[in-house]
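Worksheet: one structure, shown below.
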Amino acid sequence: MPIEGTWWSGDDRLAFDLHKPGGWSWTLAVPVPDTVRLVRRPAQRVAWLVHHEELPVAYVALLEHLRERGHEPRAPIVETYLNDPTVTEPQELVTRLAVAMDPAVGGGPD
């Protein structure tokens with residue numbers, strides 16, 4: 001079952017301003033099991049990648065990329081599974097890794 005998202009800008013649910021993402025609002029309709037845990041995360045700057053390879057290799061690549069640019073992780077890496085591991089062959093799995101990061105130290109490139 002797909003996830004459905006609804007996006008709008010400001011108080012007008014028929015408006016959507018692509019140039020002002022700070023004013024976007026949204027709702028998501030997500031299929032869930034009987035027990036749900038809601039986690040709210042503050043807005044933050046993140047580095048992320050989508051991969052089709054083994055997780056350890058992707059973790060190392062993401063953290064190296066961050067550190068090469070003068071950043072450090074501020075939270076644990078979050079995995080988002082972009083297809084269903086219960087019905088997808090292991091070699092076909094796609095996962096997004098995202099990690100909150102601090103501002104660049106020493107003015108490194110972003």
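The values are calculated or read from the model by the stated rules, or taken from the named source; none is laboratory data. Quantities reported herein were computed from a predicted structural model and do not represent experimental measurements. Every residue, glycine among them, receives a Cβ derived from its backbone with ideal geometry; neighbour counts consider all protein chains shown.
Surrounded by 10 or more Cβ atoms within 10 Å (Cβ to Cβ), small (Gly, Ala, Ser) and in a strand (DSSP E or B): is that true of Gly70 in this structure?
no
Listed here are the residues, each with its yes/no results for (1) among the polar types (S, T, N, Q); (2) touching a Pro at 6+ places or on another chain (Cβ under 7 Å); (3) closer than 29 Å to Gly70 by Cα.
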| site | (1), (2), (3) |
| --- | --- |
| Trp7 | no, no, no |
| Gly10 | no, no, no |
| Phe16 | no, no, no |
| His19 | no, no, yes |
| Trp24 | no, no, no |
| Thr27 | yes, no, no |
| Pro31 | no, no, no |
| Asp34 | no, no, no |
| Ala43 | no, no, yes |
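Scanning segment 73-92 for residues that are more than 13 Å from the chain's Cα centre (by Cα) and under 21 Å from Ala47 (Cβ atoms), which turns out surrounded by the most Cβ atoms within 10 Å (Cβ to Cβ)? Talk me through it step by step, then tell me what you get.
Taking segment 73-92 first, the residues more than 13 Å from the chain's Cα centre (by Cα) are 73-74, 83-92.
Pick out the ones that are also under 21 Å from Ala47 (Cβ atoms) and you get 73-74.
Numbers: Pro73: 16, Arg74: 13.
Within segment 73-92, the match that is surrounded by the most Cβ atoms within 10 Å (Cβ to Cβ) is Pro73.
Can you find, within segment 1-36, the residue that is modelled with the highest pLDDT among those that are among the charged types (D, E, K, R) and assigned to a loop (DSSP other than H, G, I, E, B)? Please lay out each step first, then the result.
Step one: of segment 1-36, the residues among the charged types (D, E, K, R) are 4, 11-13, 17, 20, 34.
Still in the running and assigned to a loop (DSSP other than H, G, I, E, B): 11, 13, 17, 20, 34.
On the way: Asp11: 81, Arg13: 72, Asp17: 74, Lys20: 77, Asp34: 77.
Within segment 1-36, the match that is modelled with the highest pLDDT is Asp11.
For the subset of segment 21-67 comprising residues that are surrounded by 10 or more Cβ atoms within 10 Å (Cβ to Cβ) and among the aromatic types (Phe, Trp, Tyr), which member is farthest from Trp7 (Cα to Cα)?
Step by step, filter segment 21-67, then rank; the result is Tyr59.
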